[in-house]
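Single-structure report; data block below.
Just so it is clear, none of the values below were taken in a lab; they were calculated from the coordinates. Every value quoted in this text rests on a predicted model; they were computed, and no experiment measured them. Positions of Cβ are backbone-derived with ideal geometry, glycine not excepted, and every protein chain shown enters the neighbour counts.
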Amino acid sequence: MPRTSPIRAVVFDLDGLMFNTEQLYQQVGGEVLRRRGKVLTRELLDRMIGRPSRISLQVMIDWHQLDCDVETLQRENDMIFEEILPTQLAPMHGLWQLLESLESHAVPKAIGTSSRRAFVDKVLGNFELSRRFHFILTSESVTRGKPDPEIYLQAASRFGLQPSEVMVLEDSEIGCRAAVASGAMAVAVPSEHTASHAFPGAAIVAETLADRRIYAALDIPSPFDR
């Protein structure tokens, strides 16, 4: 069905979409489970990706019947992340060019992520990125996490737009489901960790953030055509 609303704003997911944090989550989760004699399988990881940390950690606990609580795992996760973020955090391909293109064409942008604000601030702080976004919504901003559409409905409202006027960039099936349910233009940009996910309802399933179809949908020129 052809779109009738022009895109007036863009909302980015964070983990696995802007940065390689899904890869780091896999590394951290693997270490947490290794210490307990358990293994982070592909199936378990797929059930965790895209969900708020308190829910994904509970999934891990239930899956392996771990004798600990979410708060204990969260503290352990945070300690490991602190060690690896400074040297292993990296942007996903095409991120810088897309941000610059949106800014040069005065397209407002925001972040809508299932991560906690403290973690988001650490990630963005590595590249001084917070100031480049109109607002940032995190797991603390909503009462219902993805795949519920609350975070993207709230984003559209903050922009003063209809959801159909907002493009949402997501890397996971759960996040994409939230975007589709909100009525936004959902663009799936799967990473190597979510390549097997299904993205029903997505307007575009892009190869990377450098995909020319993203720029075409925004009606701005692609820097990759130069």
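3J(HN,Hα) along the range 204-209, derived from phi through the Karplus expression 6.51 cos²θ - 1.76 cosθ + 1.60 where θ = phi - 60°, amounts to 9, 10, 8, 6, 8, 5 Hz, with x in place of Gly and Pro. Within straight-line reach of LYS146, meaning a Cα separation under 24 Å, sit the following lysines at least 8 residues removed in sequence or on another chain: LYS109, LYS122. The phi torsions of the range 140-147, fed into the Karplus equation with coefficients 6.51, -1.76 and 1.60 and a -60° offset, translate into couplings of 6, 7, 10, 9, 10, x, 4, x Hz, rounded to whole numbers, with Gly and Pro shown as x.
How do the peptides 169-178, 207-216 rank, highest first, by the average count of neighbouring beta carbon atoms within 10 Å per residue?
169-178, 207-216
Between GLN27 and SER196, the distance separating the two model label sites (each 7 Å from Cα on the Cα→Cβ line) works out to 2.2 nm.
Relative contact order for the chain: 25 percent, from Cα pairs under 8 Å spaced at least 6 residues apart, divided by residue count.
Taking all Cα pairs closer than 8 Å and separated by 6 or more residues, the relative contact order of the range 21-88 comes to 31 percent.
Protection proxy ranking, highest mean first, for peptides 14-21, 217-224, 35-42: 14-21, 217-224, 35-42, where packing is the per-residue count of other beta-carbon atoms within 10 Å, averaged.
Helical runs assigned H by DSSP (4 residues or longer) give the chain a calculated mean residue ellipticity at 222 nm of -13000 deg cm²/dmol, each run adding -39500 (n - 2.57) before division by the residue total.
Using a cutoff of 8 angstrom between alpha carbon atoms and counting only pairs six or more residues apart, the relative contact order for the range 112-214 works out to 19 percent. Treat every Asp and Glu Cβ in the chain as -1 and every Lys and Arg Cβ as +1, leave all other atoms uncharged, and give the resulting dipole magnitude about the Cα centre to the nearest 20 debye. My answer is approximately 300 debye. Remark on VAL168: its backbone amide H falls under 5 Å from those of VAL11, MET185, ALA186, VAL187, a criterion applied only to residues 5 or more positions apart or on other chains, H modelled at 1.01 Å from N. For the range 112-172, trypsin sites (Lys or Arg not before Pro) are listed when DSSP marks them as loop and at most 11 other Cβ atoms sit within 10 Å of their Cβ; the list is ARG144.
Net length available on complete extension from ILE220 to THR41 is 60.4 nm, with 0.36 nm assigned per residue and the Cα-Cα distance removed. Put the Cα centre of the range 45-120 next to the Cα centre of the range 183-208 and the gap is 18 Å.
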